[in-house]
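The values are calculated or read from the model by the stated rules, or taken from the named source; none is laboratory data. All values derive from a computational prediction rather than experimental measurement. Ideal geometry is used to build each Cβ from the backbone, glycine not excepted, and the neighbour counts take in all protein chains shown.
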Amino acid sequence: MKEAHPFAQRVNVAVSGGDGYPIFVGPGSLEHLADLLSRYAPAFRYAVIADARVADLHRAEIEKALGGLAAEVSWFTFPPGEAEKTRDQWARLTDALLDRGLGRDSCVLAVGGGVAGDLAGFVAATYLRGIPVVQIPTSLVAMIDSSVGGKTGVDTRHGKNLVGAFHPPAMVLIDPRLARTLPRIERAQGLAEAIKHGAILDRPYLEALEHAAPGLLAGDEMATTACVVGSVRHKAAVVQEDEREGGIRKILNFGHTLGHAIEQLSGYAVPHGLAVAWGMVLEARVGERLGVTEPGTAAMLARILRLFELDWERVPRFAPDALVAATRTDKKAREGAVHYVLLRKLGVVARDPDWSRPVPVAVVLDVLQSLDGEA
Ligand SMILES: NC(=O)c1ccc[n+]([C@@H]2O[C@H](COP(=O)([O-])OP(=O)(O)OC[C@H]3O[C@@H](n4cnc5c(N)ncnc54)[C@H](O)[C@@H]3O)[C@@H](O)[C@H]2O)c1
Ligand SMILES: [Zn+2]
């Protein structure tokens, strides 16, 4: 029987060999957290893992939402920022859960941005060989992208997300009201992933985002909810077709090959969304240079990014050969060659040969060298 959830839109993600998981998106849906947990992620104890900033801002309302649960709830926090997405922090949190004596009948609630989601998800994936995790995203990056799909993990000095596990959540609860405290600049960075969804899959969605840009940046609740629902549907459709990134899921990496290189070279000072935003423009240029991408695509993307205040001027300049070297440590390198996802045009990915393709270093260098002044 299908239950009605009048407070939220529901998207289901199918998982092979399991029942899949529901994603609820709706302003005010947090109020139903206790009820939804007892249905979709019942546990004897809950471990809330959050960064300290998000805990400061939202702990009271999350505790209130958990008030109806009979189970014990404990909080575990870590300092905010990408620099904490490490094995050290994973070990510290895991030890803290062990110190509290949490057993296999426990469930992790990952509350926060993508860092909390990836880190807490990885703690859950490995704790006592795996306990359930529920994702409760609070940043737009996490609402639009990282809370869906089951990828968890930590960074190493060799690059981002190099140690991790696939661990699909038991449920995702997205209350766009939690994003009301997000600074405008963080909002813009999260929206870069929605722009990516439009660029790879859905040009009308990209155009709708473009029109909604002022409201989205200002935190308008209706515009934000529509965008989160649109992106979650796109991401859910892709990840359920390809849970472990053997094929079509690779398209979600558009912009991320050069984006991750920018992030890494900046020592993670350039935020993920901004790096991916300009990774997309650069990779569109690479596609144009190869004759795969319709000419003018990179310029159109650059114009849209400026509407979202993701200005190229905010990205530091790195030496082209250093950027190319940094792409080699990315997971997307295969058999020595770095693979890129290329667009055919806005809204359509070049499918052949296998959703991504090796690109000669000389072409990437050429694009990077011809950059300044024209971006
Ligand atoms: N697993 C995946 O599929 C996937 C996909 C995309 C990105 N990611 C990962 O996500 C991370 C980036 O996510 P992020 O940008 O959310 O980073 P983040 O978790 O560090 O959050 C960014 C900042 O916003 C703050 N914040 C979060 N919610 C807030 C709120 N409601 N109000 C005020 N401040 C708030 C955080 O404290 C932090 O300071 C990267 O590590 C990236 O690799 C993972
Ligand atoms: Zn991303």
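Does region 128-149 contain at least one residue that is modelled with pLDDT under 95, more than 10 Å from ligand 1 (Cβ to nearest atom) and either touching a strand residue (DSSP E or B) at 6+ places or on another chain (Cβ under 7 Å) or at positive phi (or both)? No, there is no match, as no residue in region 128-149 is modelled with pLDDT under 95, more than 10 Å from ligand 1 (Cβ to nearest atom) and either touching a strand residue (DSSP E or B) at 6+ places or on another chain (Cβ under 7 Å) or at positive phi (or both). Suppose the filter is among the basic types (Lys, Arg), at pLDDT 95 or above, assigned to a helix (DSSP H, G or I) and surrounded by fewer than 24 Cβ atoms within 10 Å (Cβ to Cβ); does residue 249 pass it? No, not satisfied.
Every residue, every condition in (1) at negative phi; (2) crowded, with 24+ Cβ neighbours inside 10 Å; (3) within 16 Å of ligand 2 (Cβ to nearest atom); (4) among the hydrophobic types (A, V, I, L, M, F, W, C), yes or no:
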| residue | (1), (2), (3), (4) |
| --- | --- |
| 154 | yes, no, yes, yes |
| 167 | yes, no, no, no |
| 172 | yes, yes, no, yes |
| 178 | yes, yes, no, yes |
| 185 | yes, no, no, yes |
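Could we say that residue 162 is touching a residue at least 24 places away in the same chain (Cβ under 8 Å), part of a helix (DSSP H, G or I) and in contact with a strand residue (DSSP E or B) (Cβ under 8 Å, 6 or more places away or on another chain) here? So residue 162 does not fit the description; no. Quick one: would you say residue 213 is assigned to a helix (DSSP H, G or I), away from ligand 2 (no atom under 16 Å from the Cβ), more than 25 Å from residue 338 (Cα to Cα) and at pLDDT 95 or above? The answer is yes for residue 213.
Within region 16-32, one or more residues are within 16 Å of ligand 1 (Cβ to nearest atom), in contact (Cβ under 8 Å) with a residue 24 or more places away in the chain and aromatic (Phe, Trp, Tyr). Looking across region 262-279 at every residue that is within 14 Å of ligand 1 (Cβ to nearest atom) and within 17 Å of residue 298 (Cβ to Cβ), the one that is nearest to the chain's Cα centre (by Cα) is identified as 276. Out of all the residues in region 84-94, is one or more part of a helix (DSSP H, G or I) and modelled with pLDDT under 95? Within region 84-94, none of the residues are part of a helix (DSSP H, G or I) and modelled with pLDDT under 95.
Only residues that are in a helix (DSSP H, G or I), under 29 Å from residue 82 (Cβ atoms) and free of Cβ contacts under 8 Å to residues at least 24 places away in the same chain were counted across region 264-300, and they come to 1. Selection of region 59-70 for residues being touching a strand residue (DSSP E or B) at 6+ places or on another chain (Cβ under 8 Å), surrounded by 13 or more Cβ atoms within 10 Å (Cβ to Cβ) and modelled with pLDDT of 95 or more yields 59, 62, 66.
The set of residues from region 99-148 being among the aliphatic types (A, V, I, L, M), in contact with a helix residue (DSSP H, G or I) (Cβ under 8 Å, 6 or more places away or on another chain) and part of a helix (DSSP H, G or I) comprises 115, 116, 119, 120, 123, 140, 141, 142, 143, 144.
Here is a check on your reading of the model: is residue 116 under 18 Å from residue 163 (Cα atoms) and buried (at least 19 other Cβ atoms within 10 Å of the Cβ)? Against the criterion (under 18 Å from residue 163 (Cα atoms) and buried (at least 19 other Cβ atoms within 10 Å of the Cβ)), residue 116 qualifies.
Under the condition of being away from ligand 1 (no atom under 11 Å from the Cβ) and either assigned to a strand (DSSP E or B) or in contact with a strand residue (DSSP E or B) (Cβ under 8 Å, 6 or more places away or on another chain) (or both), the residues counted in region 169-201 number 8. Right, residue 294: among the charged types (D, E, K, R) and more than 30 Å from residue 16 (Cα to Cα) or not? So residue 294 fits the description; yes.
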